[in-house]
Amino acid sequence: MKFTRNVRRKIIQVAAFGFTNSHLGNFAAGSIYKGSWKNFCSPGLNCYSCPAAGFACPIGAMQAVGGSPKFGISFYAVGFVLALGVIFGRAVCGYLCPFGLIQELLHKVPSPKKRIPKPLTYIKYVLLAGLVLMFPVFVADSFGYGSPAFCEYICPAGTLEGGIPLLLTHPELRMQLGGLFILKAAILVLTIVGCIVICRFFCKVMCPLGAIYGLLNKVSFYRMHVAETGCVSCGKCRDACPMDINPVARPDSAECIRCGKCAAACPEHILSVGFVNNQSKLISHGTDNS
Amino acid sequence: MGRRTFKGIALLAVAAGLITAGVMRGELIVVLFRAVHVCLECIGLG
């Protein structure tokens, strides 16, 4: 097997998945990890009610603190995501997010493949602002606690990673199933079908964490570089891009997950992805497909 | 130092400040409490 950039990326994705979800024994017991590592957030979207999860979900943490009557917006979770986003940008989605890996595997299921209409990609910003940042802070119950609205009404990762495993092992939880679970199950089915047909459907349309990291692509240290000359406009980079962007025209697009597939596809080797802010080094990095 | 690098470093400093402020005012307790209990909202029970 050739040790390409994509193979290296897959190895990192699997390692990150395992590191984030290391408590596999909890699946059989139907319990969740309760140790102090859950003080810390995982870089990617990963439900903290998943039996195997070893860390807190950053989106869940934002909503938990935002919904607390004592705090409001979460400095800790926002600062954590901001720091990671400034360093890596949306490469976190491409390399470290467990739900990103699940989506890529779903996309390998044989089916007709489609691209997503651009306007749908703005939905995730509405979800971020409305359900993650504002709803928990401004809509409170009689005790002053806000609801984690994104987790409650949308998040298919929670349904898949936390809901299904816990419901399978807890009959008392199954007794409580109602309309909310039907809604979330329907969103999960939509997401699964969407991911089979459209690469990273959830990332493109719904992920509030990807929305934050994507906005930071414009300033992140890990970045894409396009050489000033040499592009022959063959369009191979655009065709190879799983996020449906033109990397030559928009190297800092909020949709780019820095997977490097465009760099590997470029016959002129003008695209590259990396930390180094030196054009010659970047070009040699980008041409390293072996 | 390029403009982009400067912006990145400034934002990293802001992020460090936010994390410190969050830890100092006790947000970790809320995060930990939430993360070590089954989140009924997350799993679709509300």
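The values are calculated or read from the model by the stated rules, or taken from the named source; none is laboratory data. The structure presented is a predicted model; accordingly, all values stated were derived computationally and were not measured. Cβ sites come from the backbone with ideal geometry, for glycine too, and all protein chains shown count toward neighbours. Surface accessibility is based on the protein's heavy atoms, side chains included, excluding ligands, DNA and RNA. Shrake-Rupley method; radii C 1.70, N 1.55, O 1.52, S 1.80 Å.
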Answer yes if at least one residue in the range A:219-233 is surrounded by fewer than 24 Cβ atoms within 10 Å (Cβ to Cβ), modelled with pLDDT of 95 or more and under 30 Å from A:Pro148 (Cβ atoms), and no otherwise.
yes
Of the residues A:Leu168, A:Leu160, A:Leu177, A:Leu173, only one is in a loop (DSSP other than H, G, I, E, B) and either at the interface with chain B (Cβ under 8 Å from one of its Cβ atoms) or touching a residue at least 24 places away in the same chain (Cβ under 8 Å) (or both); which?
A:Leu177
Within the range A:113-133, how many residues are under 24 Å from A:Ala240 (Cα atoms) and open to solvent by less than 40 Å² (accessible area, probe 1.4 Å)?
3
Check A:Glu172, A:Glu161 and return the single one that is acidic (Asp, Glu), assigned by TED's automatic domain parsing to the domain that holds A:Pro98 and crowded, with 21+ Cβ neighbours inside 10 Å.
A:Glu161
When you scan the range A:97-112, do you find a residue that is over 27 Å from A:Thr20 (Cα atoms), assigned to a helix (DSSP H, G or I) and open to solvent by 30 Å² or more (accessible area, probe 1.4 Å), even just one?
no
Within the range A:45-69, considering residues that are within 7 Å of chain B (Cβ to nearest Cβ) and among the polar types (S, T, N, Q), the one farthest from A:Pro208 (Cα to Cα)
A:Ser68
Please determine, by comparing only the residues of the range A:70-79 that are among the aromatic types (Phe, Trp, Tyr) and surrounded by fewer than 24 Cβ atoms within 10 Å (Cβ to Cβ), which one is nearest to the other protein chains (Cβ to nearest Cβ).
A:Phe75
